[in-house]
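Below is one structure; the comments refer to it alone.
The values are calculated or read from the model by the stated rules, or taken from the named source; none is laboratory data. Please read these numbers as outputs of a predicted model, since none were measured by experiment. Every residue, glycine as well, gets a Cβ built from its backbone with ideal geometry; the counts of neighbours run over all protein chains shown. Remember, those area values only see protein heavy atoms, side chains included, never the ligands or the DNA or RNA. Shrake-Rupley method; radii C 1.70, N 1.55, O 1.52, S 1.80 Å.
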Amino acid sequence: MAILVIAEHDHASLKAATRNTLAAAARLGGDIHLLVAGSNAAAAAQQGAACAGVAKVLLADAPQYAEQGAENVAALVLSLASGYSHILAPASTFGKNFMPRVAALLDVAQISDIVAVQSADTFVRPIYAGNALATVQSADPVKVITVRGTAFDPVADGGSAPVEAVAGAADSGQSKLLGRELTVSARPELGAAKVIVSGGRGLGSGDKYRELLEPLADKLGAALGASRAAVDAGFVPNDFQVGQTGKIVAPQLYLAIGISGAIQHLAGMKDSKVIVAINKDPDAPIFQVADYGLVADLNEAVPQLIAAL
Amino acid sequence: MKVLVPVKRVVDYNVKVRVKADETGVDLANVKMSMNPFDEIAVEEAVRLKEAGLATEVVVVSCGPAACQETLRTALAIGADRAILVDCGETELQPLAVAKLLKAVCAAEAPQLVVCGKQAIDDDANQVGQMLAALQGWPQATFASKLVLADGKAQVTREIDGGLETLEIGLPAVVTTDLRLNEPRYASLPNIMKAKKKPLDTTTPATLGVDVAPRLKTLKVSEPPRRQGGAKVADVADLVNKLKNEAKVI
Ligand SMILES: Cc1cc2nc3c(=O)[nH]c(=O)nc-3n(C[C@H](O)[C@H](O)[C@H](O)COP(=O)(O)OP(=O)(O)OC[C@H]3O[C@@H](n4cnc5c(N)ncnc54)[C@H](O)[C@@H]3O)c2cc1C
Ligand SMILES: Nc1ncnc2c1ncn2[C@@H]1O[C@H](COP(=O)(O)O)[C@@H](O)[C@H]1O
């Protein structure tokens, strides 16, 4: 049977997480169909058609998919679900929002946030903030799965799949978007960045965060991240948060500056290749996971680091 | 307007759990249990709606063993009016089963608003609220950092990967809480005493007519690979040198 992957996109292009999800789907064995539900989303569909391993792109192009609302996307996926053995989406705020609706209406379990595929019905997923890994087997006729992007290397281009238009489901009219405040940044996306400079409460203020960490991120071509404490204190917007309940990241290099290393923060970054910690407290738990720990006052160490790069 | 708040009893967020040697699960013996932090935020929000005159009654519900009564009493001490325990004994409950139990409770209680946590910090599933909304055919607003009720509608600001968005949804609906929705109060001693006298009813999955059999079988629970951390560098020059020549990441 075929596998349905739900694309995350902004109508003009695919989000990186879609390619990680396609990589997880490729481990299952079976034709992969990529659903692009959007409004004027032909460009995103074309990118999907070019992804390696995609056999067919289904494009549902209708105004009710402009905002990517959970009620409408779930209804569409449900209308297409028969004939698929697996339905996958990224475990991003997009996928987490609508996929449980799909699972509930199909009367099947959802397998959240998988990090490995062991077979077509057996998957590994972190529980307890990543302090344990559960291997779970599903007996349901359809497996509804969300995928942790950092666990699967993205598929490259190399396909040339046909794009087939599919009819949208009726507009539920249950939800209206009043507005969005999206963070605009020229920096790389947190989830896909090779280097991340992340700051915590130790920075003391939003001004200090920007004064010290922005030039450092500029030098390293890095994305900026933060602990929950830094977000709660208003230093940076919510979408900077790394952790159990924020973004999960796994860059080549993660610099934790003025972050203590609570389990909830570690849950979001401990799979990074190299971790650097700068903290004035030699006993901060972050040092237990850091490859290179520098016990220092960040107000002195960060300017020195910027100068040395 | 009645508000229903599902609360889960979970391992306290400060506990670093350990995997059992036989890989059948995590060791929960003598571990501190608390209300799921996101559910505390949900109870607080519901109580604030009542204090603002927007809700008439706050009902909390927990599905699990009899020990969930403690969690329900905590919610009553924050200010909920009434509690329901769906006593499931030691049966393993998965999110779909919880959503079905909550659907049955909704049928009896007819709330206009259900406020759930966005995720339970033990299973990290992030499913129940959305599943309940789907089973009820209701709209949803997940990951809420602001909730405004007016004219029979809810305006909800949501934390999404790119920033924030604000939705307007009709009621009844399900809202799930994110960390920045509010800061839950500490229950005062008099309120803890008062909570002991508030009504707490018990029902069971059988009475509610819900099959809670698990759909996923846990084959094993294992320890994640450990990181070899702990090395220190002398100063910034040493750090830069090692990043360039040893780790080769800059
Ligand atoms: C349900 C739940 C979910 C959560 N989810 C997340 C999550 O997703 N992500 C997350 O990050 N947290 C999360 N948390 C919060 C987490 O438990 C911690 O409270 C948080 O990570 C602490 O942030 P911090 O390290 O910046 O602050 P703190 O713990 O206060 O640490 C600040 C650090 O800065 C250091 N410091 C101070 N001044 C200096 C200086 N001048 N120079 C150098 N170092 C200095 C201190 O030594 C200290 O180690 C969650 C909590 C709960 C309950
Ligand atoms: N056993 C339970 N009893 C009551 N509410 C629950 C239970 N399990 C989950 N919930 C609710 O559903 C939310 C999300 O849980 P989950 O989908 O398991 O991550 C929690 O924050 C609770 O509000």
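The residue list A:T21, B:V5, A:Q46 was ranked by how far each Cα lies along the charge dipole of the protein assembly as shown toward its positive end, using unit charges on Cβ atoms, and B:V5 comes out on top. In the context of the full protein assembly, A:S172 retains an accessible surface of approximately 50 Å², using a probe radius of 1.4 Å and ignoring ligands and nucleic acids. Which links in A:K208/A:K270; B:K146/B:K220; B:K8/B:K217 stretch past 32 Å when you go from one Cα to the other? Going by Cα-Cα distance, B:K146/B:K220 fall outside the 32 Å limit.
Here the Karplus relation 6.51 cos²θ - 1.76 cosθ + 1.60, evaluated at θ = phi - 60°, turns the backbone of region A:188-196 into coupling constants of x, 5, 3, x, 10, 6, 7, 10, 10 Hz, with x for every Gly and Pro. Averaged over its residues, region B:2-222 has an accessible area of 41 Å² per residue, based on protein heavy atoms and a 1.4 Å probe. In this rough spin-label picture, where each label sits 7 Å from Cα along the Cβ direction, the B:K197-B:R185 distance is 1.8 nm. With a Förster radius of 41 Å applied to the beta-carbon distance between B:E92 and B:D238, the computed FRET efficiency rounds to 0.20. Annotation: the antiparallel percentage among DSSP beta bridges lying fully within region A:6-139 is about 55.
Over 23 Å between Cα atoms: which of A:K176/B:K118; B:K118/B:K197; A:K194/B:K244; A:K194/A:K219 fall into that group? From A:K176/B:K118; B:K118/B:K197; A:K194/B:K244; A:K194/A:K219, over 23 Å: B:K118/B:K197. Helix B:37-51 and the longest principal axis of the C-alpha atoms of chain B enclose an angle of approximately 40°. Approximating the spin labels as points 7 Å out from Cα along Cα→Cβ, the A:A139-to-B:E223 distance works out to 3.2 nm. For region B:167-187 versus region A:252-309, the spacing of their alpha-carbon centroids is 33 Å. In region B:124-138, comparing the full protein assembly with the chain on its own, the residues that lose 50 Å² or more of accessible surface at a 1.4 Å probe are B:D124, B:Q127, B:M131, B:A134.
Between A and B, buried accessible area from a 1.4 angstrom probe totals roughly 6600 Å², ignoring ligands, DNA and RNA. With respect to chain B, whose longest principal axis is taken over its alpha-carbon atoms, helix B:68-78 is tilted by about 80°. Build a GNM of chain A with springs between Cα atoms under 10 Å apart, and of A:Y209, A:Y84, A:Y292 the one that fluctuates most is A:Y292. Projecting label points 7 angstrom from Cα along Cα→Cβ for A:E189 and A:A55 puts them 2.6 nm apart.
Expressed as a whole percent, the accessible area of region A:2-165 that falls on carbon and sulfur atoms is 50 (1.4 Å probe). For the Cα trace of region A:92-191, dividing Rg by the Kirkwood Rh returns an Rg/Rh value of 1.01.
Mind checking which of B:Q228, B:Q155, B:Q112 has the largest fluctuation in a GNM of chain B, springs on alpha carbons under 10 Å? Between B:Q228, B:Q155, B:Q112, it is B:Q228 that shows the largest mean-square fluctuation. A Gaussian network model of chain B, with springs between Cα atoms under 10 Å, assigns the largest mean-square fluctuation among B:D27, B:D161, B:D178 to B:D161. Rounded, prolate or oblate: which fits region A:1-41 when a ≥ b ≥ c are the square roots of the eigenvalues of the alpha-carbon gyration tensor, with rounded for a/c under 1.5 and prolate only if a/b beats b/c? Here region A:1-41 falls in the oblate category. Could you tell me whether chain B comes out rounded, prolate or oblate from its Cα gyration tensor? Rule is a ≥ b ≥ c as square roots of the eigenvalues, rounded for a/c under 1.5, then prolate if a/b exceeds b/c, otherwise oblate. Judged from the Cα gyration tensor, chain B comes out prolate (a/c at least 1.5, a/b above b/c).
Ignoring ligands, DNA and RNA, what percent of the 1.4 Å accessible area of region B:144-197 is carbon and sulfur? Intermediate results must be reported in sequence, preceding the final value.
Details: 1490 of 2630 Å².
C and S fraction of accessible area: 57 percent.
Per-residue 3J(HN,Hα) values for region B:85-92, derived from phi via the Karplus relation 6.51 cos²θ - 1.76 cosθ + 1.60 with θ = phi - 60°, read 9, 9, 6, 10, x, 9, 4, 5 Hz in sequence order (x marks Gly and Pro).
The Cα atoms of chain A give a gyration tensor whose axes a ≥ b ≥ c have a/c of 1.5 or more with a/b greater than b/c, which makes the shape prolate. For chain B, the longest principal axis of the Cα atoms and the long axis of helix B:236-245 meet at an angle of about 80 degrees.
Counting only other chains, what is the mean number of Cβ atoms within 10 angstrom of the Cβ of each residue in peptide A:175-188? If you can, show how the numbers build up before the last one.
Values: counts 9, 8, 4, 7, 5, 8, 7, 6, 4, 2, 1, 0, 0, 0.
The mean count of partner-chain Cβ atoms within 10 Å per residue comes to 4.
Using the rule -39500 (n - 2.57) for each DSSP H run of four or more residues, divided by the residues of the protein assembly as shown, the 222 nm mean residue ellipticity is -8000 deg cm²/dmol. Taking amide H as placed 1.01 Å from N in the peptide plane, B:V61 has its amide H under 5 Å from the amide H of B:V5, B:V7, B:I84, each at least 5 places away in sequence or on another chain.
In the distance distribution for region A:2-165, Cα-Cα pairs more than 28 Å apart total 13 percent. What whole-number distance in Å separates the alpha-carbon centres of region B:60-80 and region A:187-247? About 37 Å separates the Cα centre of region B:60-80 from the one of region A:187-247. Each eigenvalue of the Cα gyration tensor of the protein assembly as shown, multiplied by 5 and square-rooted, gives one semi-axis; in descending order these are 35, 30, 23 Å.
Each peptide in B:99-105, B:179-185 receives the mean, over its residues, of other Cβ atoms within 10 Å, and ordering these scores from highest gives B:99-105, B:179-185. One way to sum up the overall shape of region A:190-308 is the equivalent ellipsoid from its Cα gyration tensor, whose semi-axes run 17, 16, 15 Å, largest first. Peptide packing for A:14-21, A:117-124 was compared via the average number of neighbouring C-beta atoms within 10 Å per residue; ordered from the highest value, the list is A:14-21, A:117-124.
Residue by residue along B:228-238, Cβ atoms of other protein chains within 10 Å of the local Cβ number 6 on average. Tell me, what % of the accessible area of region A:190-308 is carbon and sulfur with a 1.4 angstrom probe? Carbon with sulfur: 48 percent of the solvent-accessible area.
Return the Rg/Rh value of region B:105-229, two decimal places, where both radii are evaluated on C-alpha atoms and Rh is the Kirkwood radius. Intermediate results must be reported in sequence, preceding the final value.
Details: Rg = 18.5 Å, Rh = 17.8 Å.
Across region B:105-229, the Cα-based Rg/Rh ratio is 1.04.
Listed peptides B:14-26, B:165-177 appear in the order B:165-177, B:14-26 once ranked by packing, highest mean of other Cβ atoms within 10 Å at the front.
Which pairs, out of A:K96/B:K20; A:K96/B:K50; B:K50/B:K198, put more than 19 Å between their alpha-carbon atoms?
Numbers: A:K96/B:K20 29 Å; A:K96/B:K50 29 Å; B:K50/B:K198 16 Å.
Too far apart for the 19 Å limit: A:K96/B:K20; A:K96/B:K50.
The calculated pair-distance distribution of region A:245-309 uses every alpha carbon pair, bins of 10 angstrom beginning at 0, and gives 23, 53, 23, 1 percent.
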